[in-house]
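Undergrad: Dropping a structure here in structure tokens format, bear with me for questions.
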């Protein structure tokens, strides 16, 4: 059967191309949405921004440029010394060794300077480029710690990571290239000048091959670059498909898609092979051209220069020096054209980097922001709060309520009612458009974010753990918490028992994002973390996902422990949690519609009682239509 | 993935560890194996190596020709042959030089191109082999090996092996030709001068090899440190809400700086290693050149050699300089190919644990009866800890079996054994009397479908995702399956409908939507046995109810197994199995089990009456 299927597939694949039959609904990997790879070669604004990062090292950069110029000069001078030695120190049968010794002494001096210059230049450039790279990355990372959460919400982590890695790396390449370009340009000019100076006519003749090479390269470059980019792209497409096969291997095997995938992958791998061969052809076609041009230049020197030597109008040493220069002068042209691409790439990256660095920081401490004292009463109050991520579409409208110190309030309401936004406002993740959020009697905008954060412990719906040990995760950032405190907190929330079953106990390493723990276990660890933070106010978004009943029970118990002696604001989904609250606030469409304890709300017969009477274990289980029906009847009564 | 499998995944991943201890002999074996692979493209290999030899020979003749031209020019000057003759001799040299240069260019092009081509063909073959192997290796392999490691093998290690021909083998031939013949020519022309001219070779060859190997070692270390840095950044950005919630930006910056400094220090050290050596190599080269100039100059004065010969020596040196420096790259290429190759071949040679028996026949379904007969199972990594013990049950076509039990009890393992994601270690599983190990894997997996708990979505359209197991399916079928899974209306509401791209780089779906998509995709397979492995946990109870009633028709023709935490998901089953510690401790219908008053009843009470009393009762009992 498997065989038959593969055969059928093969036929299908060929048929599709020939007679246009329906292709399978199947792809492997995805076509990457490739970012702009090349920008303009030079963009003043971007260079200015990059220069701001280089500026602290500018003294070193000047040293490097000076070194590269000296290095170039020694390269130019060496053939001249050889020429001097040949013409003045090697007369046949001569006995005066002085000119030869002078030449050799000069040679030694030149290569010592060459050594020092190249050492200085490469070390300084290499290190400065690394420093700038790390500085840019740090600036971006630091900036991302402060930008508004709405930016972070709508930007994928992967995208930001490629800014912090790929784009930053191409900046490093750019800096090294800049200095090298200075050297290459100097070398090119130097060779031209020296050749013309040695013998103007011969120099001019020899150099006539240079424009030819320039023109050829100008034609070649855009085509070659397309070929290189195509190769690069097919490579990432094929690699993407491989990565997908690795991550999705269980799904692939359980649906027996191996054969289909293999054929599809073969297409991608084959496209990759073909584009690479094309790129190789483009890369190699320049070799015989450069070699032929070198041959022509040498032939010119031999014929023209040679007959000038015969006529005694040219020293033999000059001819030898010319032959040396010719072997060198194609190098700078070759590297300059390659550096052009590096510049373009760097500009495209630089643009993306500055875009990130320019993201506005919305929520900032006021210059005279106060520190929220740990002795504050722990009350939370919303006064006529109106807020929307997009101010035109508020998700909270004129909401007012007060949570008294030590009280536990459950926020209840259907999806989209504004519960999560209300919670985010307490911590000042966003700023309100109208009204005020008060914590301990202070407007949160008048407080430092740092001190506000210290007094509010938050437990998010999706517990997020960091790579590290259980111990480190529980005392996250409270680095002065002792082991005893951590264990005590874990015991209090009922996490101690399962932690002890992990290999290593509290020192067990958690895999990426706690992948080796169940959701419920991660939740318990995040509870312990909130307990260690020991804040006056606890803001908690209850997990909605189904957790096995035993862990669920542990969580319910932990919650009681966690709220002890604290002001609690809980986005509650489960009836058990809701009923345990001192007070319930019901939100709908961004408005506060009911408040009171369970019995009061039931007696009132509003939305809450309707929802409750539908008899679902959690408000999120309520299907859309019943919810709408209740809401309508709720609003008409 | 089941929590049992997670337990074994934390074991050391020694499946590929043995390859790290690659010995010298083994390294050579691997290089020989790569070389043999290269020779599977005999024509291209011949062209590449032939061109290399010709190009090197031509290149070696250039200094001779230059020297001759210099002598021709000078001998005339010194009062030799008549002007016209000299002119002609110069012309001959010039044209010869031009021809040699052009030919050398052409052969170098051919050398490089064919060397690359061999590498790319090998790369293509290895890519396919890797892909195929990774797709076939069974779950137990993938449980033990990190996906990141496989990606490294399939991308970086493959490159190392691919590059071996052009940067290792061909370069070796080129270097051998240039250095060997070059040295012979120099030494035979003038022994002393030749020795001086070559004096930089051993030093540079040694330094460049050591440098490259050191750089390689530190490169691996640097990657390690950079990956720590990326992890810090990635986790910070992914968990930015936690970071902000705890106001711990300062702490995060500290973590970042620590990781960053760690990497930066090594990057600086690498600059030092590199620069120290390149500068020293250049210096030693020029120093030899100075010696040649000094001693050669005296020989010219003494009339022992001509200026042309001296020019020949100096040009030879410039030609030799690059290849000698590249010895390090060549050594590095050998080292890289050998370590990369050992990892890559380690993967390609890996035995596939679960595959068709030699005489496997396609599965034949008549009644569609599934039987577990005394099934036991333990993961290969932890054979001493059985996950299932003597599990037996039977399910006929049209029946629904519910499986429930505490986490880690082995419920998910039952789901994984039926499609042979793992093989039983005791007893047997049969479908219509055929042991599932005796039938072909392809036919079995068509007949048995599992709706996974946390299913992988492919980055492609919703349509393609639903039709994943049946890519030629008709549109109506796709929509019907989507309708059964209560997904159709949601999809129609999307701007691009069924053409909406989902997955990693597409529209992100909620947990419930993902699970509904997974259910639709599994229904497309028309299996004889369908297993829901806790796959409705993120779907609200009402939607689940609708899916169940929509599927009633579908369930008539097959065995349905439902594994769930939520009892409402499986209360209606024909038979419910309560699994604990790998054994079935209670079985029967919902009513039977409630009447029995055992574990199932306790769980039911906990879920249906979630009051404080029950919490406490259960807490004390459990």
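Undergrad: Mind telling me which of the residues B:536, B:560 ends up being facing chain A (nearest Cβ under 9 Å), crowded, with 21+ Cβ neighbours inside 10 Å and on the phi < 0 side of the Ramachandran plot?
TA: Working: B:560 fails: facing chain A (nearest Cβ under 9 Å).
Result: B:536 is the single residue among B:536, B:560 that is facing chain A (nearest Cβ under 9 Å), crowded, with 21+ Cβ neighbours inside 10 Å and on the phi < 0 side of the Ramachandran plot.
Undergrad: Another one. From the set of residues in region A:82-102 that are over 14 Å from residue A:315 (Cα atoms) and assigned to a helix (DSSP H, G or I), which is nearest to the other protein chains (Cβ to nearest Cβ)?
TA: Checking each candidate, the answer is A:100.
Undergrad: Would you confirm whether or not region B:98-111 contains a residue that is more than 30 Å from residue B:183 (Cα to Cα) and surrounded by fewer than 23 Cβ atoms within 10 Å (Cβ to Cβ)? Reasoning before the result, please.
TA: The initial filter retains those residues of region B:98-111 that are more than 30 Å from residue B:183 (Cα to Cα), namely none.
No, the conditions are met nowhere in region B:98-111.
Undergrad: In a helix (DSSP H, G or I), more than 7 Å from every other protein chain (Cβ to nearest Cβ) and crowded, with 21+ Cβ neighbours inside 10 Å, is that true of residue A:128? Walk me through it before giving the result.
TA: Numbers: in a helix (DSSP H, G or I): yes; more than 7 Å from every other protein chain (Cβ to nearest Cβ): yes; crowded, with 21+ Cβ neighbours inside 10 Å: yes.
In short, yes.
Undergrad: It is to be established whether one or more residues within region B:262-272 are buried (at least 20 other Cβ atoms within 10 Å of the Cβ), in contact (Cβ under 8 Å) with a residue 24 or more places away in the chain and facing chain A (nearest Cβ under 8 Å).
TA: Checking region B:262-272: at least one residue is buried (at least 20 other Cβ atoms within 10 Å of the Cβ), in contact (Cβ under 8 Å) with a residue 24 or more places away in the chain and facing chain A (nearest Cβ under 8 Å).
Undergrad: If I filter region B:305-350 down to residues being assigned to a loop (DSSP other than H, G, I, E, B) and touching a residue at least 60 places away in the same chain (Cβ under 8 Å), which single residue comes out as farthest from the other protein chains (Cβ to nearest Cβ)? First the steps, then the outcome.
TA: Of the residues in region B:305-350, the ones assigned to a loop (DSSP other than H, G, I, E, B) are B:305-306, B:326, B:349-350.
Now drop any that are not touching a residue at least 60 places away in the same chain (Cβ under 8 Å), which leaves B:305-306, B:326, B:350.
Numbers: B:305: 10, B:306: 9, B:326: 16, B:350: 14 Å.
If we take residues in region B:305-350 being assigned to a loop (DSSP other than H, G, I, E, B) and touching a residue at least 60 places away in the same chain (Cβ under 8 Å), then B:326 is farthest from the other protein chains (Cβ to nearest Cβ).
Undergrad: Residue check: is residue B:450 in the same structural domain as residue B:470 (by TED's automatic domain parsing), touching a strand residue (DSSP E or B) at 6+ places or on another chain (Cβ under 6 Å), over 21 Å from residue B:380 (Cβ atoms) and crowded, with 24+ Cβ neighbours inside 10 Å? It would help to see each step written out before you state the result.
TA: Values: in the same structural domain as residue B:470 (by TED's automatic domain parsing): yes; touching a strand residue (DSSP E or B) at 6+ places or on another chain (Cβ under 6 Å): yes; over 21 Å from residue B:380 (Cβ atoms): no; crowded, with 24+ Cβ neighbours inside 10 Å: yes.
No: the conditions fail for residue B:450.
Undergrad: Condition test on residue B:98, is it out of contact with any strand residue (DSSP E or B) (no Cβ under 7 Å at 6 or more places or on another chain), assigned to a helix (DSSP H, G or I) and facing chain A (nearest Cβ under 7 Å)?
TA: Values: out of contact with any strand residue (DSSP E or B) (no Cβ under 7 Å at 6 or more places or on another chain): yes; assigned to a helix (DSSP H, G or I): yes; facing chain A (nearest Cβ under 7 Å): yes.
The answer is yes for residue B:98.
Undergrad: For residues that are modelled with pLDDT of 80 or more, in a helix (DSSP H, G or I) and within 39 Å of the chain's Cα centre (by Cα), tally how many sit in region A:538-567.
TA: 4
Undergrad: Any residue at all in region A:462-477 that's in a strand (DSSP E or B), more than 12 Å from chain B (Cβ to nearest Cβ), under 31 Å from the mean Cα position of the chain (by Cα) and surrounded by fewer than 20 Cβ atoms within 10 Å (Cβ to Cβ)? Spell out the reasoning first.
TA: If we filter region A:462-477 for residues that are in a strand (DSSP E or B), which is where we start, we get A:468-469.
So of that shortlist, the ones also more than 12 Å from chain B (Cβ to nearest Cβ) come out as A:469.
With the extra rule that they be under 31 Å from the mean Cα position of the chain (by Cα), the set shrinks to A:469.
If we keep only those that are surrounded by fewer than 20 Cβ atoms within 10 Å (Cβ to Cβ) too, we end up with A:469.
Looking for residues that are in a strand (DSSP E or B), more than 12 Å from chain B (Cβ to nearest Cβ), under 31 Å from the mean Cα position of the chain (by Cα) and surrounded by fewer than 20 Cβ atoms within 10 Å (Cβ to Cβ), one finds at least one in region A:462-477, hence yes.
Undergrad: Between A:164, A:198, A:205, A:160, which is away from chain B (no Cβ under 14 Å), touching a helix residue (DSSP H, G or I) at 6+ places or on another chain (Cβ under 6 Å) and either in contact (Cβ under 8 Å) with a residue 40 or more places away in the chain or buried (at least 19 other Cβ atoms within 10 Å of the Cβ) (or both)?
TA: Working: A:164 fails: away from chain B (no Cβ under 14 Å); A:205 fails: away from chain B (no Cβ under 14 Å); A:160 fails: away from chain B (no Cβ under 14 Å).
The unique qualifying residue is A:198.
Undergrad: Across region B:489-525, what is the total count of residues that are away from chain A (no Cβ under 11 Å), crowded, with 19+ Cβ neighbours inside 10 Å and more than 17 Å from residue B:536 (Cβ to Cβ)?
TA: Within region B:489-525, residues that are away from chain A (no Cβ under 11 Å), crowded, with 19+ Cβ neighbours inside 10 Å and more than 17 Å from residue B:536 (Cβ to Cβ) number 1.
Undergrad: Quick check on this structure: which one of B:222, B:237, B:196, B:229 is at negative phi, modelled with pLDDT of 85 or more and surrounded by fewer than 21 Cβ atoms within 10 Å (Cβ to Cβ)?
TA: Sole residue among the options that is at negative phi, modelled with pLDDT of 85 or more and surrounded by fewer than 21 Cβ atoms within 10 Å (Cβ to Cβ): B:222.
Undergrad: Looking at region A:439-454 only, could you name the residues that are surrounded by fewer than 17 Cβ atoms within 10 Å (Cβ to Cβ) and in a loop (DSSP other than H, G, I, E, B)?
TA: Result: A:441, A:448.
Undergrad: Limited to region A:254-266, what total is found for residues that are facing another protein chain (nearest Cβ under 7 Å) and assigned to a helix (DSSP H, G or I)? Before you say what the answer is, go through the steps one by one.
TA: Let us first name the residues in region A:254-266 that are facing another protein chain (nearest Cβ under 7 Å), namely A:254-258, A:260-262, A:265-266.
When the remaining residues are screened for being assigned to a helix (DSSP H, G or I), the result is A:254, A:258, A:260-262, A:265-266.
Adding up the residues that qualify gives 7.
Undergrad: Among the candidates B:126, B:97, B:103, B:169, which residue alone is within 13 Å of the chain's Cα centre (by Cα) and touching a residue at least 24 places away in the same chain (Cβ under 8 Å)? Steps first, please.
TA: Values: B:97 fails: within 13 Å of the chain's Cα centre (by Cα); B:103 fails: within 13 Å of the chain's Cα centre (by Cα); B:169 fails: within 13 Å of the chain's Cα centre (by Cα).
Criteria check complete, one pass: B:126.
Undergrad: Sticking with this structure for a sec: Restricting attention to region B:455-480, which residues are away from chain A (no Cβ under 12 Å) and under 34 Å from the mean Cα position of the chain (by Cα)? Break it down into steps so the answer makes sense when it comes.
TA: We begin by selecting, within region B:455-480, every residue away from chain A (no Cβ under 12 Å); these are B:476, B:479-480.
Residues satisfying the conditions do not exist here.
Undergrad: Within the group B:281, B:253, B:233, which residue is in contact (Cβ under 8 Å) with a residue 24 or more places away in the chain and in contact with a helix residue (DSSP H, G or I) (Cβ under 8 Å, 6 or more places away or on another chain)?
TA: Numbers: B:253 fails: in contact (Cβ under 8 Å) with a residue 24 or more places away in the chain; B:233 fails: in contact (Cβ under 8 Å) with a residue 24 or more places away in the chain.
Going through B:281, B:253, B:233 in turn, just one is in contact (Cβ under 8 Å) with a residue 24 or more places away in the chain and in contact with a helix residue (DSSP H, G or I) (Cβ under 8 Å, 6 or more places away or on another chain): B:281.
Undergrad: Six or more apart or on different chains, Cβ atoms under 6 Å: show the pairs whose first residue is in region A:224-249 and farther than 23 Å from residue B:143 by Cβ and facing another protein chain (nearest Cβ under 10 Å) and whose second is at pLDDT 85 or above and surrounded by fewer than 19 Cβ atoms within 10 Å (Cβ to Cβ).
TA: Final answer for the pair search is A:239/B:155.
Undergrad: If residue A:285 meets every condition in (1) buried (at least 20 other Cβ atoms within 10 Å of the Cβ); (2) touching a residue at least 24 places away in the same chain (Cβ under 8 Å) apart from one, which number is that one?
TA: Of the numbered conditions (1) buried (at least 20 other Cβ atoms within 10 Å of the Cβ); (2) touching a residue at least 24 places away in the same chain (Cβ under 8 Å), the odd one out for residue A:285 is (1).
Undergrad: For residue A:561, state whether it is facing another protein chain (nearest Cβ under 8 Å) and in contact with a helix residue (DSSP H, G or I) (Cβ under 9 Å, 6 or more places away or on another chain).
TA: Judged against the criteria, residue A:561 is not a match.
Undergrad: Go through (1) touching a helix residue (DSSP H, G or I) at 6+ places or on another chain (Cβ under 6 Å); (2) surrounded by fewer than 16 Cβ atoms within 10 Å (Cβ to Cβ); (3) facing chain B (nearest Cβ under 10 Å) and name the single condition residue A:79 misses.
TA: (2)
Undergrad: Right, here's the next one. Taking region B:242-261 on its own, how many of its residues are surrounded by fewer than 20 Cβ atoms within 10 Å (Cβ to Cβ), facing chain A (nearest Cβ under 7 Å) and within 18 Å of residue A:455 (Cα to Cα)?
TA: Final tally of qualifying residues: 1.
The values are calculated or read from the model by the stated rules, or taken from the named source; none is laboratory data. Just so we're clear, the structure is a prediction, and the values are computed from it rather than from any experiment. All Cβ positions, even for glycine, are placed from backbone atoms using ideal geometry, and neighbour counts span all protein chains on display.
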